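Below is one structure, written out as structure tokens; the observations come after it.
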Amino acid sequence: MNAAIYLRISQDRSGEELGVTRQRADCEALVARRGWTVHDVYIDNDVSATKAKRRPEWERMMADIEAGRAQVVVGWTIDRTLRSGRDRLRMLEVGKEHGITISLVRGSDMDLSTPAGRLAADILGAVALNEVETKADRQRAMHAQAARMGKRVGGRRPFGFEQDGVTVRAPEAAALTAAYHDYLAGTPLLAIARRWNEAGLLSGVPRADGEGMAEWNHSGVRSVLQNPRYMGMRRHRPEGGEATLHPAGWPALVPEHTWRAANALLDSAASEFKPRGGRRLLTGVARCGVCGTPLNAARNKAGPGAVAAYRCPNGAHVVRRAELLDEQITRLVLARLAQPDVVAFLAAAEDDGEHARLAAEAASLREQMDEIAHAVASGGLTVRQAQIANAGLASRLTAAESAMARAGRGSVLYDLTSSQMTRERWDALGVDQQRVVIGALLTVRVHPAGRGVRRPAPETVEVAWRAA
Ligand SMILES: [Zn+2]
């Protein structure tokens, strides 16, 4: 008799499940013991047993059975082999017609050509499926409960913490805290990813080929920085409802204002502020005086004697030698940073009392919104009343959260510029951080200056200082 071995790879959150390699070895041993021949091994890769997904290998196996190429289906357990009620009905029908036997490593043989065999497969399959579904329900309820209590359940180890999700893992936590500040100070996400990889910090995401953990990349760092866990919060989204934040049972790695500032920047559409690699001082900051488009940096011609130039991407509105424009703006910025009022403006954002006040206000607003939700649940308040009460609180919370984002960003600017700014200190900042300072202080428009890029033409450069 020819045997079809059917296996499934599924996500293993509990750690109870055996690897597919072990399952396969056990199935092959069973086939050998019975004196059968392995016709083929069919392996589908699906993550959850309850979500409907296409399974090409299951389809291929059923086609082989219908064509008479296999007479025995060998699997690990009944729920691994017959995944849904629909699978079960189909297997019973085909099994009856072609005289198929199901043979399990964990379970007995079921001869589907007999009514008793079909009844056993039907009942055992239904019981197993019910267990899977009940477990999924129970898990959903546990997650909701844990979220309300500020706890975490199961899942992958969060970067910066041990498997319990509460104990800080010092080297990763330090790298994360630094990353929030570096990103706000202009370091691109890709540079942060490289730094983490060089330090040997792994992403915790399995590699596509299954060999260990993947290296960090741009989007991996982005999604880590977006996780509210690092400001000591847990996000909970009830089914069909809106996401809410709850104080969590683990320590925050950065204060809320820093997290908000970094996330405002991550979400921001304003590319001039966004840290990005491979840019000159004023790309994206300086705009064309004719059409308003941000200027590109490019060489004005190929070969030796080529000079870097800023140019409008829409035809030849403006073109300017890059070094000259960079130097002109740098001098202006250094002069501005020497004035006492700019330091005072940045210092206001660094006021710790203000940070604490905003954090306390946000916490109190979230608590009030929580109380309203409880009042609705216990019947003390109608949904309509709750909506009215919530609307005012929600807009105040949004205002407090954006004020925190501004304050967090101001802190970083203050760190960059607070002590006496000299030309040496400025040059040591590096282009990414210089861009953040320039973007925060001014906007630049470059107007046409006639032909050629050699002439400095400072009078055609229009600088507007940003207001506090
Ligand atoms: Zn233009």
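A few remarks follow.
- Ser113 passes every criterion in (1) assigned to a helix (DSSP H, G or I); (2) modelled with pLDDT of 85 or more; (3) closer than 25 Å to Ala32 by Cβ apart from (1).
- One residue alone among Val453, Val444, Val436, Val412 is in contact with a His (Cβ under 9 Å, 6 or more places away or on another chain) and either modelled with pLDDT under 75 or crowded, with 17+ Cβ neighbours inside 10 Å (or both), and that residue is Val412.
- Scanning the stretch 185-225 for residues that are modelled with pLDDT of 85 or more, over 18 Å from the mean Cα position of the chain (by Cα) and crowded, with 17+ Cβ neighbours inside 10 Å yields a count of 1.
- Any hit, the stretch 415-426, residues being in a helix (DSSP H, G or I), under 16 Å from Glu354 (Cβ atoms) and among the aliphatic types (A, V, I, L, M): no
The values are calculated or read from the model by the stated rules, or taken from the named source; none is laboratory data. Treat the numbers as computed from the prediction; the structure is a model and nothing was measured. When we count neighbours, we look across all protein chains shown, and the Cβ atoms used for this are built from the backbone with ideal geometry, even at glycine.
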